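Here's the structure we're looking at; comments come further down.
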Amino acid sequence: MRLIFTTNFNKFQSINATQAWSLFLTGCKKDDSLGKNPMIGKYLTVAILGAIIAQILEAILTVS
């Protein structure tokens, strides 16, 4: 596991979507809890956006 929050943290290191989601879901404890594949983060982002869009569309269509 590569430590994110170290003394070198604020050096604007780039992380991928999988690491970002791992940090979010684990409360900033581990950046590899979802694995090493960068596509997992992209799929998770698309799935969550799809669910949000579906809920908005459902709310709009049921009100009409």
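Laboratory data are not the source of any read-out in this text; all were calculated from the coordinates shown. These numbers come from a predicted model, not from an experiment. Cβ atoms come from the backbone with ideal geometry, glycine included; neighbour counts cover every protein chain shown.
Each of the peptides 43-52, 15-24 was scored by the mean count of other Cβ atoms within 10 Å over its residues; in descending order, highest first, they stand as 15-24, 43-52. Classify region 17-63 from the C-alpha gyration tensor, please: rounded if a/c falls under 1.5, else prolate or oblate depending on whether a/b exceeds b/c. Cα axes put region 17-63 in the prolate bin. Distance between the pseudo-spin-label points of residue 61 and residue 39 (7 Å out from Cα toward the beta carbon): 3.0 nm.
Sites listed here are trypsin sites (Lys or Arg not before Pro) in region 25-64 whose DSSP assignment is loop and whose Cβ has at most 16 other Cβ atoms within 10 Å: 29, 30, 36. Once the Cα-Cα distance is subtracted from the 0.36 nm per residue extended length, the residue 54 to residue 16 segment shows a gain of 11.1 nm.
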